[in-house]
Amino acid sequence: MFFTDEIRLIGKTPYTQDALGQFVASGTGRTVFCDLSSVSAEERSGGGHNGLLPTARAKVMRMDYGGESLVEYDGGDILPKGRYKVSRTYYTADQVELYLARKVGN
């Protein structure tokens, strides 16, 4: 575990309303280091609950995670560029595993 990948953690309100009344993605969030890995075949095949498909797992330091619900990634070998929902979390003594998912059909 080297924590060489970077993700952007985004809180529960990632959209703001512009002058025309349209909701646009806001720039809120913060960048943290993580260790990205793919999810197991069992995790992936058991996915699809609530319309979400598990895509990857990001391990971050516990002190870096504040309950954010979205993750943005610039793309790489394990995970394509995009915005992902944190579908579930797993806490250890000093780390948090964030399970990242996309809506089925996207």
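What follows is calculated from the coordinates using simple rules that are stated; it is not laboratory data. Just so we're clear, the structure is a prediction, and the values are computed from it rather than from any experiment.
Report the extension gain between MET63 and ALA19 in nm, rounded to one decimal, defined as 0.36 nm multiplied by the number of residues separating them, less their alpha carbon distance.
Values: separation 44, 0.36 × 44 = 15.84 nm, distance 3.63 nm.
Result: 12.2 nm gained on full extension.
Checking the cross-link filter: which aspartates and glutamates have an alpha carbon closer than 14 Å to that of LYS85, excluding same-chain neighbours under 8 positions apart?
GLU68, GLU72, GLU97
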